[in-house]
Amino acid sequence: MKKITTYENKKVLVVGLALSGVNAAKLLHELGALVTVNDYKSFEENPEAQELLESGIRVVTGGHPVELLDEDFELVVKNPGIMYNNPIVQRAVEKGIPVITEVELAYEVSESQMIGITGTNGKTTTTTMIAEILNFNRKKGHAYVAGNIGMPASLVAQTTTPEDEIIIELSSFQLMGITKMKPSIAVITNVFEAHIDYHGTREEYVAAKWRITENQTEEDYLILNWDQEELRELAKTSKAKIIPFSRKEVLANGAYLKGDMIYYQDEEIMDKKAILIPGEHNVENALAAIAVAKLLGQSNENIVGLLTTFAGVKHRTQFVTEYKTRKFYNDSKATNILATENALKGFTDPVILLAGGLDRGNGFDELIPALRNVQALIVFGETAAKLEEAGKAAGVKEIHVVQNVEAAVPVAYELSTEKSVILLSPACASWDQYRSFEVRGDVYIKAIEQLISDLKEQEE
């Protein structure tokens with residue numbers, strides 16, 4: 001970790017805890033800052049705040065009192081989940097106090113090369129692919145995953161060395177809070193409408209994503225999905241060297257698909273059919289990961305070795321198990337229509353789709369074409385009626401409304417036939433019934449385990 005003096009005796013307010021806030025506070029404290037932590041949760045129900053207080057850090061809990069900003073803080077470090085319309089954050093902006101997120105701190109202290117990945121879909125899979133390719137058969141150094149996936153970047157950056165890389169997944173929320181941070185290699189997987197409840201407009205959301213390249217120079221690289229015209233246009237505004245990837249177009253200066261073969265700058269890499277995880281969206285993720293790997297000198301042998309054995313990331317078109325020729329997949333991370341469309345495109349066998357969740361006010365007309373080949377549709381949660389309507393419009397013959405994911409699993413198995421794919425890909429956020437998409441996915445996996453156990457018992 002770089003020993004910087006930027007924060008010595010500087011009054012810093014950390015707003016919001018969770019992993020990113022806790023680690024930002026600890027790092028700032030170690031760097032000599034005068035840290036105050038403010039969290040909405042009461043002190044009695046806040047083990048993180050209790051731990052920080054024991055470490056000698058001042059804590060203010062039980063709300064976000066705007067009066068705190070009267071104490072002449074020089075910097076605010078905001079948890080990404082706290083919106084900019086929060087009164088205490090608004091007050092900081094009005095007073096001209098810089099508001100950053102902890103990834104900015106990570107950049108300042110890191111001795112390692114940073115590779116940043118953002119986008120609407122595919123961030124986590126691409127981030128993980130890149131790290132695992134770089135670590136494949138590696139003898140020296142390590143590629144660490146951080147940011148919006150795994151450990152906070154400000155924690156990882158404290159222990160890495162110049163021989164390592166930090167592969168950091170960056171959300172639009174995190175990118176809004178950077179000032180100097182710049183990845184030496186940035187990746188934008190794709191950009192579609194999302195998180196409008198946070199950003200207000202699509203334009204603001206895209207602008208937040210584009211900040212990943214804001215501080216890049218001619219020495220840096222920006223890897224872009226060239227199949228999106230919007231990103232082609234935006235590429236003209238970046239100072240970085242552009243490395244495009246495409247499933248549709250031959251690109252002499254990037255990664256591309258020609259027939260079934262993947263190339264990088266006219267060099268044949270591998271057959272797309274050899275990629276273990278299904279779906280054209282995962283071909284796109286692989287193209288982006290290959291571009292990063294080639295820029296960093298990774299061999300084709302190691303790239304192919306990883307991509308032919310990489311089974312995916314948990315909750316992202318994750319293969320769970322097979323029972324009596326039925327294959328179960330967990331795609332709980334599919335919290336929007338496009339992600340579910342992509343998942344459905346990845347299968348040629350009949351699919352029984354489990355979908356539903358938080359109602360954000362949108363309809364599901366865009367999903368109808370993808371539903372036309374679905375064997376059966378099982379819906380739940382706040383959007384059950386809307387998804388049922390979309391299923392009927394698509395001509396799905398079997399549609400069942402159930403209470404939740406647990407109830408959906410046995411119904412799905414009952415409707416299945418030989419070689420059916422039973423796929424949880426909700427097209428909605430989980431928060432109407434589950435704390436997170438991870439919890440929803442775990443519940444699904446447990447329900448599958450219970451189902452198979454019950455079926456085996458009946459057979460004995």
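How would the stretch 57-209 be classified by its alpha-carbon gyration tensor: rounded, prolate or oblate, with rounded meaning a/c under 1.5 and the a/b versus b/c comparison settling the rest? Judged from the Cα gyration tensor, the stretch 57-209 comes out oblate (a/c at least 1.5, b/c at or above a/b).
Only helical runs count toward this figure. For the chain, summing -39,500 (n - 2.57) over DSSP H runs of n ≥ 4 and dividing by all residues gives -10000 deg cm²/dmol at 222 nm.
Only the Cβ atoms of Lys and Arg (+1) and of Asp and Glu (-1) were treated as charged; on that basis the dipole of the chain about its Cα centre amounts to roughly 720 debye. Under the criterion of Cα pairs below 8 Å and six or more residues apart, the relative contact order for the chain equals 10 percent.
Pull out a ≥ b ≥ c, the square roots of the eigenvalues of the alpha-carbon gyration tensor of the stretch 104-308, then state rounded if a/c is under 1.5, prolate if not and a/b is larger than b/c, and oblate in the remaining case. Judged from the Cα gyration tensor, the stretch 104-308 comes out oblate (a/c at least 1.5, b/c at or above a/b). Modelled spin-label separation between Glu219 and Lys3, with each label point placed 7 Å from Cα along the Cα-to-Cβ direction: 2.4 nm. Considered as an equivalent ellipsoid built on the Cα gyration tensor, the chain has semi-axes of 38, 29, 21 Å, the largest given first. Applied to the stretch 321-330, the Karplus parametrisation 6.51 cos²θ - 1.76 cosθ + 1.60 on θ = phi - 60° returns per-residue 3J(HN,Hα) values of 6, 10, 9, 6, 6, 8, 9, 9, 10, 10 Hz, with x for Gly and Pro.
Rounded to the nearest 20 debye, the dipole magnitude of the stretch 72-194 is 160 debye, with +1 charges on Lys and Arg beta carbons, -1 on Asp and Glu beta carbons, and the Cα centre as origin.
The stretch 357-380 and the stretch 279-296 have Cα centres spaced 29 Å apart.
Applying 1/(1 + (r/R0)^6) with R0 = 25 Å to the Cβ-Cβ distance of Thr308 and Arg138 gives a FRET efficiency near 0.90. Which residues does the label zone of Thr201 cover in the stretch 48-88, counting backbone N under 19 Å from a point 7 Å along Cα→Cβ? Once the point is set 7 Å along Cα→Cβ of Thr201, 84-85 turn out to lie under 19 Å by backbone N, inside the stretch 48-88. Ranking Leu231, Thr125, Asn342 by how far each Cα lies toward the positive end of the dipole of the chain (charges on Cβ) leaves Leu231 at the top.
Highest average first, the peptides 288-297, 247-256, 76-85 ordered by how many other beta carbon atoms sit within 10 Å of their residues are 288-297, 76-85, 247-256.
Take the solvent-accessible surface of the protein heavy atoms, probe 1.4 Å, and return the percent of it on the chain that carbon and sulfur atoms account for. On the chain, the fraction of accessible area on carbon and sulfur atoms equals 48 percent. Heavy-atom accessible surface of the stretch 243-349, averaged per residue, reaches 39 Å², computed with a 1.4 Å probe. For the stretch 104-308, the share of DSSP beta bridges that are antiparallel, to the nearest 5, is 25%.
Among the GluC sites (Glu not before Pro) in the stretch 1-91, those placed in a DSSP loop whose Cβ has at most 12 other Cβ atoms within 10 Å are Glu8. For the chain, the residue among Val15, Pro87, Tyr205 whose Cα projects farthest onto the positive side of the dipole built from Cβ charges is Tyr205. Annotation: extensible slack from Asp359 through Asn373 equals 2.6 nm (criterion: 0.36 nm per residue apart, minus Cα-Cα distance).
Note on Glu54 and Ala385: their simple-model spin labels are 5.0 nm apart, each label 7 Å out from Cα toward Cβ.
Please label the shape of the stretch 93-145 as rounded, prolate or oblate, based on the square roots a ≥ b ≥ c of the eigenvalues of the alpha-carbon gyration tensor (a/c under 1.5 means rounded; beyond that, a/b larger than b/c means prolate, else oblate). Note, shape of the stretch 93-145 comes out oblate.
The values are calculated or read from the model by the stated rules, or taken from the named source; none is laboratory data. Please read all numbers here as calculations on a predicted model, not as lab measurements. Note that we place each Cβ from the backbone using ideal geometry, even for glycine, and neighbour counts take in every protein chain shown. In case anyone asks, the SASA skips ligands and DNA or RNA and just uses the protein heavy atoms, side chains included. Shrake-Rupley method; radii C 1.70, N 1.55, O 1.52, S 1.80 Å.
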